[in-house]
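This report refers to the structure that appears directly beneath it.
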Amino acid sequence: MHIDLITVLPNLVRSPLDHSILQRAQEKGLVEIHVHDLREWGLGSYRQIDDLPYGGGGGMVLRPEPLFAGVASLQKDLGQPYDEIIYLTPDGETLDQPLANRLSLCKNLLLIAGHYKGIDQRVRDALVTREVSIGDYVLSGGELPALVLIDALVRLLPGVLGDANSALSDSFQDGLLDAPAYTRPPEFKGMSVPDVLTSGDHGAILSWREEQRTEKTQRLRPDLLPPEHEESVE
Ligand code: SAM
């Protein structure tokens, strides 16, 4: 997968990309992530990227010219159309696991992180193919949402996680939450690991995990269960 990210704060995103799973995925050549400073395409000697909003009101707006120039330049370098040009925005489609699964199949993504009051609407109308929100709250910039999206996608790419089954048994992958996890020691501060997990009986462990997942989902997130399941719980 190839990901380009346009931001006004490139240094803000670099550290998370240089650690842990995201770092290893890049080192293994499973994903290329390129961070671009919007000021590269800024206007004039001050490399201006923002301006006052028409109609007044507080906050600056990212001007269209640098974003149009940036997208055109990156598109030219890529040599083929992006599968999606995604603007991170609180009024976009809310990111969930099915959307992450779908986007993880893309080969080329361009992400645009907004700032201040947002980006000029003409960029959204003419260039952006998808708008994604990470939840119903407003952050100061699109950098953290872009990182959230990148992390959610990259961990799904084949070969990124040491154990491919790990991502498949995570919460939301099949509509259930994940089962409780335990590690050593078997006894800690008077609390024991459930006997079944140390029994070596793989069939019994699988059944226990399924029961735990269903029970936990019924208790914490009944909205995830199909309607007939929700009714039978009551
Ligand atoms: N005026 C915008 C609104 O009310 O919809 C909010 C702008 S916000 C202060 C600045 C930037 O942060 C946005 O352009 C967007 O890129 C990013 N952002 C903030 N909250 C977000 C969220 N929940 N999901 C995705 N991006 C978000």
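The values are calculated or read from the model by the stated rules, or taken from the named source; none is laboratory data. In this text, all values refer to a predicted model and were calculated from it rather than measured experimentally. Every residue, glycine among them, receives a Cβ derived from its backbone with ideal geometry; neighbour counts consider all protein chains shown. For the accessible areas, the whole protein counts, side chains as well, though only heavy atoms, and no ligand, DNA or RNA atoms are used. Shrake-Rupley method; radii C 1.70, N 1.55, O 1.52, S 1.80 Å.
Here are a few things to note about the model shown:
- Share, in percent, of DSSP beta bridges within the chain that are antiparallel, nearest 5: 20
- Rg/Rh for the chain (Cα atoms only, Rh after Kirkwood) is 1.08.
- Which of 148, 132 is most accessible, then next, and so on - probe 1.4 Å: 148, 132
- Built amide H within the under 5 Å cut-off of residue 48, gap 5+: 43
- In the context of the full set of protein chains, the chain has a per residue accessible area of 58 Å² (1.4 Å probe).
- Across the stretch 95-110, coupling constants 3J(HN,Hα) worked out from phi with the 6.51/-1.76/1.60 Karplus curve, θ = phi - 60°, read 5, 9, 5, x, 5, 4, 4, 5, 5, 5, 8, 6, 9, 9, 10, 10 Hz, and Gly and Pro carry x.
- The chymotrypsin sites (Phe, Trp or Tyr not before Pro) found in the stretch 51-146 that occupy coil by DSSP, while having at most 13 further C-beta atoms within 10 Å, are 54, 137.
- On the beta carbon distance between residue 131 and residue 189, with R0 = 41 Å, the FRET formula returns roughly 0.30.
- Applying a DSSP loop filter and a limit of 16 other Cβ atoms within 10 Å to the chymotrypsin sites (Phe, Trp or Tyr not before Pro) in the stretch 171-234 leaves 172, 182.
- Pairwise Cα inverse-distance average, inverted: Kirkwood Rh of the stretch 24-136 (Å): 15.4
- For residue 171, the residues 5 or more places off, or on other chains, whose built amide H falls under 5 Å of its own are 178.
- Springs join every pair of Cα atoms under 10 Å in this Gaussian network model of the chain, and among 184, 47, 63 the largest mean-square fluctuation is at 184.
- Amide H contacts of residue 60 (H built 1.01 Å from N, in plane; Pro and chain starts excluded): 117 sit under 5 Å, all sequence-distant by 5 or more or on other chains.
- Normalised contact order of the chain, rounded percent, pairs of Cα under 8 Å and 6 or more residues apart: 19
- Charge dipole (debye, nearest 20) of the stretch 64-131; +1 at Cβ of Lys and Arg, -1 at Cβ of Asp and Glu: 120
- Between residue 30 and residue 214, the C-beta separation translates, for a Förster distance of 35 Å, into a calculated FRET efficiency of about 0.60.
- Other residues lying with their Cβ under 13 Å from the Cβ of residue 77 contribute a combined charge of -2, Lys and Arg counting +1, Asp and Glu -1.
- Pairwise label distance in nanometres, residue 163 with residue 107, each label 7 Å out on the Cα-Cβ vector: 3.3
- Heavy-atom accessible surface of the stretch 1-102: percent carbon and sulfur, 1.4 Å: 52
- In a DSSP loop and with at most 13 other Cβ atoms within 10 Å, the trypsin sites (Lys or Arg not before Pro) in the stretch 68-144 are 107.
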